[in-house]
1. Suppose each label sits 7 Å from its Cα in the direction of the beta carbon; what would the B:Thr314-A:Gln17 distance come out to in nanometres?
2. Mind telling me which of B:Leu289, B:Leu142, B:Leu104 comes out most flexible in a GNM of chain B, alpha-carbon contacts under 10 Å?
3. Aspartates and glutamates within cross-link reach of A:Lys43: Cα-Cα under 19 Å, excluding same-chain residues under 8 positions apart?
4. Label position 7 Å from Cα toward Cβ: report the copy-to-copy distances for B:Lys6 in nm, one decimal, ordered from shortest.
5. What Kirkwood radius, in Å to one decimal, follows from the Cα pairs of the range A:1-82?
6. What span do the alpha-carbon atoms of the range B:140-244 cover on each of the three principal axes, reported in whole Å from largest to smallest?
7. Pop a pseudo-label 7 angstrom from the Cα along the beta-carbon direction at both B:Asp303 and B:Arg282 and give the gap in nm to one decimal.
8. Using only DSSP helix segments of four residues or longer, with each worth -39500 (n - 2.57), what per-residue ellipticity at 222 nm results for chain A after dividing by its residue count and rounding to 500?
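A short reminder: the numbers here are calculations on the coordinates, not readings from a lab. Not measured: the values here are computed from a predicted model. Counting neighbours? That spans all protein chains shown, and the Cβs are built from the backbone with ideal geometry, glycine included.
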There are 2 protein chains.
Amino acid sequence: MPAELKNDRFLRALRRQPTDTTPVWIMRQAGRYLPEYRATREKAGSFMALAQNPELACEVTLQPLERFELDAAILFSDILTIPDAMGLGLTFAAGEGPKFERPLRSAADIQRLAVPDMDGELRYVMDAVRLIRRELDGRVPLIGFSGSPWTLACYMVEGQGSRDFARVKAMAWNDPGTMHALLDVLARSVARYLSAQAEAGAQALMVFDTWGGLLAPGMFHDFSLRYLAQVTDLLKADTHARELPLVLFSKGANSHLEALAGTGCDGLGLDWTISLAEARHRVGERVALQGNLDPSALFASPDIIQREVDAAITAFGPHPGHVFNLGHGVTPGVDPEHVKVLIDAVHAAGRRIREPA
Amino acid sequence: MPAELKNDRFLRALRRQPTDTTPVWIMRQAGRYLPEYRATREKAGSFMALAQNPELACEVTLQPLERFELDAAILFSDILTIPDAMGLGLTFAAGEGPKFERPLRSAADIQRLAVPDMDGELRYVMDAVRLIRRELDGRVPLIGFSGSPWTLACYMVEGQGSRDFARVKAMAWNDPGTMHALLDVLARSVARYLSAQAEAGAQALMVFDTWGGLLAPGMFHDFSLRYLAQVTDLLKADTHARELPLVLFSKGANSHLEALAGTGCDGLGLDWTISLAEARHRVGERVALQGNLDPSALFASPDIIQREVDAAITAFGPHPGHVFNLGHGVTPGVDPEHVKVLIDAVHAAGRRIREPA
């Protein structure tokens, strides 16, 4: 029997219910800016060894909660676990981004793909979710997550990050049938994966569409949005996931907020290139919003961090439905004390804006 | 006495006057995708040796005009010539982006900066403009260009490209006075530089704000837009430049098109993440629009390139004020034959859409 949730601000905000203050968590809150993370990462030997060891993944997931008054925990993992489980061989070279040993090079490579086994190759993720949930003991809710179908496809076809993603886009232009086959198996895998995380104990779900914003509008609709909608539909019909708030974050895709809100998700992540006032005006009656301070603000002095937090919370206004976050993951090199300043400033400003005038 | 211009489609379109078809040129049309460019680059020894040699810069500027029915030539140069002339020491390591040997590290570094001498350190640029103009012999107009104040500041403070530009943003947060001093001397330098290019023979001017789109809305207004407006004001009051159409291109800043149009420039460059129909609807009565096909479309097959060109030209409609271009520079590795397909498709579709129904 799981412990009762002591702090439900985050879940209430995602359901656009009133809260005593604005809840806050930070993308990559368990990460390289924390010395204790670097120590555990060192002990594990490699990023993948850390992510695939449920005890260590649990340890780093909980680290930032010891330091800061965070309102949610997020599973420590990577957005690329699904393609790794599909056999592509995920590695992280020192100082570089992710790389696949066996990227997709042909239609035949894609036809061979199948939804991975959640009790097999991906069991380590579910074990981590179960363990973290137990160790959290109801302090705050746990977020499960996945990369989006399009973003997974980008890495799977390119084999790694890219400046222009010319190879994956060329496949979309020249062989759309094969690209749709790839995105369909990925959408079914992502939904199955998030459902399994829900079953294992995740209390909210998030999909990171890191590269959706690189697409022209027509391509965004056909290759990114369509499969975010498929994932949403599958989850909203799923026994384990349907009650969990679902957040979609399509970075750089602010011109598509209305379409993203139209998928039926519960919240949208926002990068920092849009004001919260504008985003709320456009879609705030339909979805909660999560974001969106420029991560570089954490390099500013504490008084400026406080000023910018105040400005963001004022821009959103005293309405329900805001989860404070950065507009992208916290940058390695940030002083953890600055993160504390940010978290505390959010709660203070969130209380202030809810006070009767 | 300069030769009379034989093809003025490009200049007419930037003034939103009717043309027989849609004019087209391509960012980085003189570049690595062309074998003849790679041969000249090899001969020069380094990128900077090529850019600083007026004869070779002229040679590569004209190369794409021998292959394709382009409606404009653009000076072969780099966006970072101004900081190089200010003494920062621009280099290009093989396979990497630009790097400064002496990046700005303090307020004192910034106070020492002065507008460079257009007949001194930057004379090679004006010599190239004069020579290209003579060799063009009126075939098509010549575009002069510069990086924007904000984009120059990004490279000058970071010393090179960056994923997050945390250093330059930290300066903007923590020491805005120093950042404004830097942007002011850069705005005056950019305007002086473009005026000198106009005097030397450039027939249109363009400012590339490559990193403006990385800024949150408030920062964009304070640190990017404000100095694009200063450059525009200075040029519109300048003897040599005021008659030349001026195009501003702030990549990734589509949410700011109205504000950019409000600077008083003549045209806006567009990246590929907005439809031409939407952009024209929002600002097409005030400025010409230049763009905006996804550069990756050049990796598609010829029939798909033609289909996408048709779609873009149809989206803009039969109105004056469109210069076709990619939404970013042409990608190295593109087949030059595909560029020819694109150029010819633009002219064909541009004629078709102007035919009486």
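1. It is 4.9 nm.
2. Sorting by GNM fluctuation, first place goes to B:Leu104.
3. The qualifying aspartates and glutamates are A:Glu55, A:Glu59, A:Asp78.
4. 8.1
5. By the Kirkwood definition, the hydrodynamic radius is 14.1 Å.
6. Dimensions of the range B:140-244 along the principal axes of its Cα atoms: 42, 24, 22 Å.
7. 3.5
8. Value at 222 nm, helices only: -13500 deg cm²/dmol.
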